[in-house]
Structure formats: C-alpha cells, structure tokens
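The values are calculated or read from the model by the stated rules, or taken from the named source; none is laboratory data. Predicted model only: the values in this text are computed from it and were never measured. A quick note on method: Cβ atoms are made from the backbone with ideal geometry, for glycine too, and the neighbour counts reach across all protein chains shown. Accessible surface is based on the protein model in full, side chains and every heavy atom, while ligands, DNA and RNA are left aside. Shrake-Rupley method; radii C 1.70, N 1.55, O 1.52, S 1.80 Å.
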Amino acid sequence: MDRIIQTGVCSYGMSGTIFHVPFIHVHPGFEFAAVVERSKNLAREKYPNVKVYRSVEDMIKDPALDLIVVNTPNYTHYPYTKAALEAGKNVIVEKPFTVTSAEGQELMELAKSKGLFLSVFHNRRYDSDYKIITEVVQSGVLGDIQEAEIHYDRFREELSYKKHKETANPGTGALYDLGAHIIDQALLLFGMPKSVWADIRIIRKESVVDDYFELVFYYDNMRVRLHTSYLVREPMPSYQFHGRLGSFIKTKADVQEAQLQRGLLPNSPGWGEEGIHEWGLLHTEKDGKIVKQFLPSPTGNYLNYYQDVYDALVNGARNPVPAADGLRIIKIIEAAFQSSKERKAIDL
C-alpha cells in the first residue's frame, strides 16, 4: 500500500472487537496501533504489538496515530471526537454521530477548519440486504414508489448487559441506536422528507429508555414508515417497497455480524453471502408480463467501508459517510422526539 494508516480505537468492547478491529487488522493499509482498555489487556492477547492506553485522552496524544475510531457510548461521541480533531487526528465516529444537531454541526465545522477527515460509521450501508434494496429501487422496476417500510425489530424483554445502553442518559434508546441505521438507509434511498411524524414508547417492563418507535416520513407523493420494537418474536419482512408496477419484500438477512461473533475474519470463505432462503421477492410487471422471482443479494462487506476510508485519506476520494450525512440523521431524530411529545408531524 502507498501508506499505512496508524489507527487507534477508543474502546475494545463489542464495537471494537466485532465491528472495527477485525477490518483494521485485515486491511493492509491500516495498522491497529493503539487501543483504550481502562483496566484489562484483552487486545494485546490477540494483537501483541498494539499499544494499550488507560484513557482516551492519553491515546489521542500519541503523535504516531493518524486516525482515531471513536466507538464509545453515544454521549461521549461529541467530546472525544472534538478532542481528537483538536489534536489534529482524522476521525471515524460510531453512529449516531452525536446526541444533538448543534454538537454535530460544531464537529463538522471544526474538521473542515482543520482540513481533517471526519466520517460516521454507518456500516449498514454495506449490508447485503440493503445493497439489493438499492439496486431494486434505482432500477425503476417497481415504477413510481408510493410507499416503503423498513423494520429493525428484535425480541428482547430483558435489559442489555451494557448498562450505558439501558440508562436514561442523552443519546440512549432504540431510536438513537437501531433507528440511526434505518433512518440513514431511508435518507439514502429517498432524500430528506418534507416532514416527520413519530410515536416513541417504552414497552419492556423494566426499561427506562425507548424501545419502540414508529416514524413516518412525508414526501410529496410517497410515505416511508420506519419501525423498531424489542418485542417482536416473529418479525415481518424488514423491507417492503410498493410502486405502481410492483412490490419487493425482503428480510434483514446480512450475515456479517453473526460471522464476526463466531470469530470469522472478513477474508474468510463465504464472507457476507446470504443464504438462498433469504433472497428478496420481486413481484412486478415487465414488458406487459407479470414477473414473480427471487433476487439474490450482492455480498455484504464492511471491509469496503475501510477501503473507502483509505481511498479518501490516501487518494483524495470521497468520504464514504461524511459528517453532513450523520448530522441530518440527528436532525430527524430530534424532530421525531418533538413529534412524539407534541403528537403532530414536524416540518423539516
């Protein structure tokens, strides 16, 4: 590679061990050079050459580091990203970008003023299921789309062992967590809506953070519904798109997270390949004939995000997820909470 990007990761929890370090390790253009573990040395057991710091503040001061991955709890995204930028570091920050749009705007302007790279880790853009959805929507095979529905449901009555996710702090709850993913996908497919309506609730018995939401995006001639619930044992198709010519329905079936949890690396055989039983169903009209067929999904690969980051840093290519993309998601989330509180649609 033309350059090796020395990378520091702010946390070695699930986000670090599953979604970041394996890709940094496998990609030849990155070096997993440093990590923050406040009391343990788990990273060094697997990556003996990594430097272990006991605080984010200390790691950011390391002059050898080119890139900092901020993958800490949501409410820390703003202060840690700001500190890294002020130290002259390029930054990847986990989704959601920030807790408030004011914070996101400040970080975006700070990165620009310093000529630094700032990207939000919206890895679900690189899912197999989202890739086939994008192909179908952009192909026009459904005709003018009139309604779309995206779900990110799960069944989990018990609270997460990650206490920071179940504490009523700024930026916690399903809308900031899972909602950020599907809001991002809807915005990529259809752009910013004219207004948003939302119903945000707490439905688990012991929960103190939102674990259910329904959002409706209003466009001129189309509606998009986004939904998450933690009490869906038998989910419906996660993607449902209906146009004047036909429909496409699809499960959320990307296998990468499950593969990573089994210890596989992104260069393993069969990486990111969906099973045939998860293919999406296209039912539409082509050349005056009704067509009903299952479509295979492209392979998903989060390594492509890191390749895109490398190309941006080294070759001047486009930032794969610029701060502006993360910021508009936070603006939607803020409007959604306002809508749910006031029980009305909020103009954007």
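Identify the single condition in (1) surrounded by 17 or more Cβ atoms within 10 Å (Cβ to Cβ); (2) under 20 Å from the mean Cα position of the chain (by Cα) that Gly13 does not satisfy, given that it satisfies every other one.
It fails just one condition, (1).
Tally the residues that are open to solvent by 70 Å² or more (accessible area, probe 1.4 Å), over 26 Å from Val91 (Cα atoms) and under 22 Å from the mean Cα position of the chain (by Cα), restricting the search to the range 258-278.
Of the range 258-278, the ones open to solvent by 70 Å² or more (accessible area, probe 1.4 Å) are 261-262, 267, 269, 273, 276-277.
Now narrow it down to the ones that are over 26 Å from Val91 (Cα atoms): 262, 269, 273, 276-277.
Then drop every residue that is not under 22 Å from the mean Cα position of the chain (by Cα), which leaves 262, 273.
Number satisfying all stated conditions: 2.
Looking at the range 91-122, which of its residues are within 13 Å of the chain's Cα centre (by Cα) and under 16 Å from Leu65 (Cα atoms)?
Ile92, Val93
For the range 315-330, give me the residue count where each residue is within 16 Å of the chain's Cα centre (by Cα) and not aliphatic (A, V, I, L, M). Quick ask: steps written out before the conclusion?
Let us first name the residues in the range 315-330 that are within 16 Å of the chain's Cα centre (by Cα), namely 319-330.
Of the ones still in play, those that are also not aliphatic (A, V, I, L, M) are 319-320, 322, 325-326, 328.
Total satisfying the criteria: 6.
Just the residues that are open to solvent by less than 20 Å² (accessible area, probe 1.4 Å) and touching a residue at least 40 places away in the same chain (Cβ under 8 Å), please, taken from the range 19-43.
Here is the first cut: in the range 19-43, the residues open to solvent by less than 20 Å² (accessible area, probe 1.4 Å) are 20-24, 27, 29-30, 32-37, 43.
Scanning the range 19-43 gives His20, Pro22, Phe23, Ile24, His27, Gly29, Phe30.
Mind telling me which of the residues Thr134, Thr98, Thr81 ends up being in a helix (DSSP H, G or I), farther than 30 Å from Leu245 by Cβ and among the polar types (S, T, N, Q)?
Values: Thr134 fails: farther than 30 Å from Leu245 by Cβ; Thr98 fails: in a helix (DSSP H, G or I).
So the residue among Thr134, Thr98, Thr81 that is in a helix (DSSP H, G or I), farther than 30 Å from Leu245 by Cβ and among the polar types (S, T, N, Q) is Thr81.
When residues of the range 51-62 are filtered for being assigned to a loop (DSSP other than H, G, I, E, B) and within 26 Å of the chain's Cα centre (by Cα), how many remain?
If we filter the range 51-62 for residues that are assigned to a loop (DSSP other than H, G, I, E, B), which is where we start, we get 54-55, 61-62.
Restricting the remaining residues to those that are within 26 Å of the chain's Cα centre (by Cα) gives 55.
Counting residues in the range 51-62 that are assigned to a loop (DSSP other than H, G, I, E, B) and within 26 Å of the chain's Cα centre (by Cα) gives 1.
Go over the candidates Gly29, Gly16 one by one and state the one that is in contact with a Lys or Arg (Cβ under 9 Å, 6 or more places away or on another chain) and not aliphatic (A, V, I, L, M).
Numbers: Gly16 fails: in contact with a Lys or Arg (Cβ under 9 Å, 6 or more places away or on another chain).
None of the other options fit; the residue is Gly29.
For the range 66-98, what are the residues that are out of contact with any helix residue (DSSP H, G or I) (no Cβ under 7 Å at 6 or more places or on another chain), surrounded by 22 or more Cβ atoms within 10 Å (Cβ to Cβ) and closer than 27 Å to Arg3 by Cα?
Leu67
Need the failing condition index for Glu109 against (1) under 18 Å from Ala324 (Cα atoms); (2) in a loop (DSSP other than H, G, I, E, B); (3) open to solvent by 60 Å² or more (accessible area, probe 1.4 Å), just the number.
So the condition that Glu109 fails would be (2).
Is it the case that Glu273 is without any contact (Cβ under 8 Å) to a residue 24 or more places away in the chain and not hydroxyl-bearing (Ser, Thr, Tyr)? Before you say what the answer is, go through the steps one by one.
Values: without any contact (Cβ under 8 Å) to a residue 24 or more places away in the chain: no; not hydroxyl-bearing (Ser, Thr, Tyr): yes.
Against the criterion (without any contact (Cβ under 8 Å) to a residue 24 or more places away in the chain and not hydroxyl-bearing (Ser, Thr, Tyr)), Glu273 does not qualify.
Condition check: in a helix (DSSP H, G or I) and among the basic types (Lys, Arg). Does Lys40 satisfy that? I'd like the intermediate steps shown before the answer.
Values: in a helix (DSSP H, G or I): no; among the basic types (Lys, Arg): yes.
Against the criterion (in a helix (DSSP H, G or I) and among the basic types (Lys, Arg)), Lys40 does not qualify.
Out of Asp199, Asp184, Asp153, which single residue is under 12 Å from Tyr230 (Cβ atoms) and either modelled with pLDDT of 95 or more or of a type outside the set (Ser, Thr, Tyr) (or both)? It would help to see each step written out before you state the result.
Details: Asp199 fails: under 12 Å from Tyr230 (Cβ atoms); Asp184 fails: under 12 Å from Tyr230 (Cβ atoms).
It is Asp153.
Could you tell me whether any residue of the range 310-332 is in contact with a Pro (Cβ under 9 Å, 6 or more places away or on another chain), surrounded by fewer than 19 Cβ atoms within 10 Å (Cβ to Cβ) and within 17 Å of Ile92 (Cα to Cα)?
Taking every residue of the range 310-332 in turn, at least one turns out to be in contact with a Pro (Cβ under 9 Å, 6 or more places away or on another chain), surrounded by fewer than 19 Cβ atoms within 10 Å (Cβ to Cβ) and within 17 Å of Ile92 (Cα to Cα).
Does Ile132 qualify as being aliphatic (A, V, I, L, M), touching a Pro at 6+ places or on another chain (Cβ under 9 Å), under 30 Å from Lys286 (Cα atoms) and open to solvent by less than 40 Å² (accessible area, probe 1.4 Å)? Before you say what the answer is, go through the steps one by one.
Details: aliphatic (A, V, I, L, M): yes; touching a Pro at 6+ places or on another chain (Cβ under 9 Å): yes; under 30 Å from Lys286 (Cα atoms): yes; open to solvent by less than 40 Å² (accessible area, probe 1.4 Å): yes.
Yes: the conditions hold for Ile132.
So which pairs qualify, if the first residue must be in the range 148-164 and among the hydroxyl-bearing types (Ser, Thr, Tyr), the second must be modelled with pLDDT of 90 or more and assigned to a loop (DSSP other than H, G, I, E, B), the Cβ gap must be under 6 Å, and the two must be at least 6 apart or on different chains?
Matching pairs, first to second residue: Ser160/Glu166.
So for the range 6-22 (the condition being part of a strand (DSSP E or B), touching a helix residue (DSSP H, G or I) at 6+ places or on another chain (Cβ under 9 Å), of a type in the set (Ser, Thr, Tyr) and over 26 Å from Ser268 (Cβ atoms)), does at least one residue qualify? Quick ask: steps written out before the conclusion?
Step one: filter the range 6-22 for residues part of a strand (DSSP E or B), giving 6-9.
Those left that are additionally touching a helix residue (DSSP H, G or I) at 6+ places or on another chain (Cβ under 9 Å): 7-9.
After this cut, where a residue has to be of a type in the set (Ser, Thr, Tyr) as well, the list is 7.
Within this subset, residues satisfying the condition of being over 26 Å from Ser268 (Cβ atoms) are none.
Scanning the range 6-22 turns up no residue that is part of a strand (DSSP E or B), touching a helix residue (DSSP H, G or I) at 6+ places or on another chain (Cβ under 9 Å), of a type in the set (Ser, Thr, Tyr) and over 26 Å from Ser268 (Cβ atoms).
So if I check each of Lys46, Lys114, which one is within 20 Å of Met14 (Cβ to Cβ), open to solvent by 10 Å² or more (accessible area, probe 1.4 Å) and out of contact with any strand residue (DSSP E or B) (no Cβ under 9 Å at 6 or more places or on another chain)?
Working: Lys114 fails: within 20 Å of Met14 (Cβ to Cβ).
One residue alone meets the criteria, Lys46.
For the range 196-209, name all the residues that are surrounded by fewer than 16 Cβ atoms within 10 Å (Cβ to Cβ) and part of a strand (DSSP E or B). So that I can check it myself, show each step before the final result.
Here is the first cut: in the range 196-209, the ones surrounded by fewer than 16 Cβ atoms within 10 Å (Cβ to Cβ) are 199, 201, 203, 205-206, 208.
Hits for the range 196-209 are Asp199, Arg201.
Quick check on my filter: what residues within the range 299-309 are open to solvent by 30 Å² or more (accessible area, probe 1.4 Å), touching a residue at least 60 places away in the same chain (Cβ under 8 Å) and part of a helix (DSSP H, G or I)?
Leu303, Asn304, Gln307
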